[in-house]
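Here is the structure we will look at.
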Amino acid sequence: MFLIPDPVVRFFHRMASPPHFYAFTGRLMPWLVVIFLLVTAVGLYGGLYLAPADYQQGDSYRIIYIHVPSAWMSLFIYVVMAVAGAIGLIWRIKLAEIVAISSAPIGASFTFIALVTGSLWGKPMWGTWWVWDARLTSELILLFLYLGVIGLYGAIDDKRIASRAVAILALVGVVNIPIIHYSVEWWNTLHQGPTVTKMDKPSIHVSMLIPLLLMAVSFKFYYLIAMLQRARTELLLRERNAQWVKNMVSESK
Amino acid sequence: MSLSRAFFAVIRRDLVLALRHRSEIANPLLFFILVITLFPLGIGAQPHLLQAIAPGIIWVSALLAAMLSLDNLFRSDFDDGSLEQMLLSPHPTTVLVLAKIIAHWLVTGLPLLIVAPLLAVFLGMPNHSLGILLLTLLLGTPVLSLIGAVGVALTVGLRRGGMILSLLVLPLYVPVLIFAGNAVQMAGSGLPVDAQINILIAILLMALVLAPLPVAAALKMSIH
């Protein structure tokens, strides 16, 4: 702790207090939305209009501006969920638990979007909606892992206990994801050699890369907005008997 | 009581309990045999087809049988309160939990090994891959019990944990299924399977060391 400057430590201590978190994220939200809209607009304009069409795939490659960032987010959010869950388990910080469980449905949605957009792209490119390719399969299993987390949280009535169960499951999952990923990859390469699904890593042109990175940033901001919004409502629900919530409600009436 | 005595006492107790309720041993085994019998009925009795998918059938059935038997692991102890006593004991919960998992595997996993060769012959698997099939089952089914224990520990407090348990546990079974199924398939074609077996050993060792930790944490949470 002594390596971290005092203001940072104080910031995190204050953020762990529900009323402060609620007020702070409320003030932060408009800024996040503005940044998100700006980055998304520029990224989509760059990706759908400025970037040239691919010489082989034509315009249909443009789905990567949704597909690739979604796939990145699907893994990123699972890690965030596990880290937040671990913080919640170790230091019993209520807000970390809330962040963990608020992330799960968003992560599941991104995984689903990555699968659907990949499938839509695969039909014209590979001639089939689905192949049992290593990446597709491990993404599908990731979706099941997310659904397991959501299902477990829903099945336990006491939400404090449910959050801890979810944190344990997310940690077990995060240890398993690399194993699952590599085993699936190995399974596929053992079964069949390079096919249509096995592409060389394309060296992407800068005019295509910049919009892609912008979209990745935009998806991060979207996640932040959606996650904080879910966390705020979840917080209000859990703290509905606390004085600060009652004060806030009576003030707004 | 010393730790090793407590460890063996837990194994002994669970084994005695299982022997008194023989259906606990017989049910997963019968399920395993029944599911394998259904496959030829469902997809037709062409010997070549059956022979080709036999490793997959046997492993998927073993997976399902292992998952079905999981509920016995903590359920009755949870209901009669002896699980709570176990958690209150001065011994580390992880070790006692490991003892319970080992006992559970001896009761539900080991019998699968005994009937598997018979079923493999039914499905027309080549004789020289039977040894590898047994080896993968020997290495793989304990992993199923270990990973499954995490899922049961998380859901033991729930009234309807069955459906959710499969959602939690089956995705985590994927690596075992891949490597074990693949090893048997390769062995059938006469190819070397050292790599798959080594990875299965690695997975088993890792699960033995790591799995009791989340199980203990989850049980404490379920009892609270």
Open item on the list: Please determine whether any residue of segment B:143-157 is within 11 Å of chain A (Cβ to nearest Cβ), free of Cβ contacts under 8 Å to residues at least 60 places away in the same chain, surrounded by fewer than 24 Cβ atoms within 10 Å (Cβ to Cβ) and not in a helix (DSSP H, G or I).
Closed with: no
- [ ] Quickly run through segment A:120-135 and pick out the residues that are more than 22 Å from residue A:182 (Cα to Cα) and surrounded by fewer than 18 Cβ atoms within 10 Å (Cβ to Cβ).
- [x] A:120, A:123, A:124, A:125, A:126, A:127, A:128, A:129
TODO: Could you name every one of the helices (runs of 4 or more DSSP H) located completely within segment B:16-124 that has at least 1 residues being more than 26 Å from residue B:153 (Cβ to Cβ)?
DONE: B:22-43, B:47-69, B:110-122
Open item on the list: Out of B:107, B:16, B:60, B:97, I need the residue that is under 20 Å from residue B:132 (Cα atoms) and out of contact with any strand residue (DSSP E or B) (no Cβ under 9 Å at 6 or more places or on another chain). Which one?
Closed with: B:60
TODO: For segment B:74-97, indicate whether the set of residues that are under 11 Å from the mean Cα position of the chain (by Cα) and under 22 Å from residue B:203 (Cβ atoms) is non-empty.
DONE: no
Task: Tally, over segment A:227-247, of residues that are surrounded by fewer than 18 Cβ atoms within 10 Å (Cβ to Cβ), part of a helix (DSSP H, G or I), touching a residue at least 24 places away in the same chain (Cβ under 8 Å) and among the aliphatic types (A, V, I, L, M) - done: 1
TODO: Could you identify the single residue in A:106, A:98, A:90 that is over 30 Å from residue A:62 (Cα atoms) and away from chain B (no Cβ under 14 Å)?
DONE: A:98
Task: Some residue of segment A:66-79 being part of a helix (DSSP H, G or I), under 30 Å from residue A:242 (Cβ atoms) and either among the aromatic types (Phe, Trp, Tyr) or within 14 Å of the chain's Cα centre (by Cα) (or both) - done: yes
- [ ] Sort out which residues of segment B:197-224 are among the polar types (S, T, N, Q) and within 11 Å of chain A (Cβ to nearest Cβ), and write them in order of number.
- [x] B:222
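Let's see how each residue does on (1) out of contact with any Gly (no Cβ under 6 Å at 6 or more places or on another chain); (2) within 14 Å of another protein chain (Cβ to nearest Cβ):
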{"site": "B:89", "(1), (2)": "yes, no"}
{"site": "B:109", "(1), (2)": "yes, no"}
{"site": "B:117", "(1), (2)": "yes, no"}
{"site": "B:134", "(1), (2)": "yes, no"}
{"site": "B:141", "(1), (2)": "no, no"}
{"site": "B:163", "(1), (2)": "yes, yes"}
{"site": "B:195", "(1), (2)": "yes, yes"}
Open item on the list: Let me confirm something: among A:165, A:170, which residue is facing chain B (nearest Cβ under 7 Å) and either of a type outside the set (D, E, K, R) or within 16 Å of residue B:176 (Cβ to Cβ) (or both)?
Closed with: A:165
Open item on the list: Among the residues in segment B:175-196, are any more than 24 Å from residue A:186 (Cβ to Cβ), in contact with a helix residue (DSSP H, G or I) (Cβ under 6 Å, 6 or more places away or on another chain) and surrounded by fewer than 24 Cβ atoms within 10 Å (Cβ to Cβ)?
Closed with: no
TODO: Report whether or not residue A:120 is part of a helix (DSSP H, G or I), touching a residue at least 40 places away in the same chain (Cβ under 8 Å) and touching a Pro at 6+ places or on another chain (Cβ under 6 Å).
DONE: no
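Since every read-out is calculated from the coordinates, none of them should be taken as a lab result. Nothing here was measured: the structure is a model prediction, and the numbers come from that model. Using ideal geometry, Cβ is built from the backbone for each residue, glycine included, and neighbour counts are taken over all protein chains shown.
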